[in-house]
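This report concerns only the one structure given below.
Bear in mind these aren't lab numbers, they're just calculated from the coordinates by the rules spelled out. Just so it is clear, the structure is predicted and the values come from calculations on it, not from any experiment. Methodologically, a virtual Cβ is constructed for each residue, glycine included, from the backbone with ideal geometry; neighbour enumeration extends over all protein chains shown.
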Amino acid sequence: MAQSAAIAWGEHAAARTASVPWYIWTCMIAITSASIGGIWDISWHKSIGRDTFWTAPHMLIYLCGILAGISCGYLILSSSFSHSGEARAASVRMWGFRGPFGAFVCAWGGAAMIASAPFDNWWHDAYGLDVKVLSPPHAQSSHALL
């Protein structure tokens with residue numbers, strides 16, 4: 001009895017998981033990547049100091065922007081050029097494109113995060129190490145996560 005209930009629950013959980021769109025999973029991976037990368041980056045700066053632009057923590061943070069930008073950009077483009085009435089009904093219009101409002105916010109955040117990477121590199125080249133963790137490029141990157 002208990003085994004059949006566990007199997008039924010497992011099938012129900014699998015059906016719910018299959019119903020979550022791939023771009024939601026991609027954005028969840030992106031946020032996880034940024035969270036781990038951010039914590040790792042702060043620890044790296046405090047223990048080792050500034051190394052290079054291409055450190056592993058920075059790569060995890062940049063991965064967040066790339067995954068969010070690409071997945072939500074795809075969602076916006078597919079909603080814009082789709083002939084589905086359902087996609088159009090669940091979307092907003094912005095700059096000639098159509099898509100879910102959250103996809104626009106997420107794509108903008110991904111673009112801002114990627115733009116903060118060369119800004120951060122320039123900042124460190126020009127001014128050296130940050131006295132505090134919150135420098136203008138880090139503030140831009142933090143706002144992009146919101």
Rank these for me by crowding, HIS83, HIS124, HIS58, going from fewest to most other beta carbons within 10 Å. HIS83, HIS124, HIS58
Which of SER91, GLY73, GLY38 sits closest to the plus end of the dipole of the stretch 22-145, meaning its Cα is farthest towards the positive end, when Lys and Arg get +1 and Asp and Glu get -1 on the C-beta? SER91
Name the long-range amide H neighbours of PHE97: under 5 Å, sequence gap of 5 or more, or other chain; modelled H, no Pro or chain starts. none
At q = 0.14 Å⁻¹, work out log10 I(q)/I(0) for the stretch 22-145 with the Debye formula, treating every Cα as an identical point scatterer and leaving solvent out; two decimals please. -0.63
Additional length obtainable on full extension of the chain from ALA115 to TRP22, 0.36 nm per residue less Cα span: 31.0 nm
Could you give the length gained on full extension between SER47 and ARG88, defined as 0.36 nm per residue of separation minus the Cα-Cα distance, in nm? 9.7 nm
Taking r as the C-beta separation of ILE66 and HIS124 and R0 as 35 Å, the FRET efficiency to the nearest 0.05 is 0.95
Which residues does a label at ILE31 reach in the stretch 54-85, if reach means a backbone N under 13 Å from a point 7 Å past the Cα toward the Cβ? 68
Spacing of the two label points (7 Å from each Cα toward its C-beta) at PHE81 and TRP108, in nm: 2.4 nm
Find, among the chymotrypsin sites (Phe, Trp or Tyr not before Pro) in the stretch 41-78, those assigned to loop by DSSP (not H, G, I, E, B) with at most 10 other beta-carbon atoms within 10 angstrom. TRP54
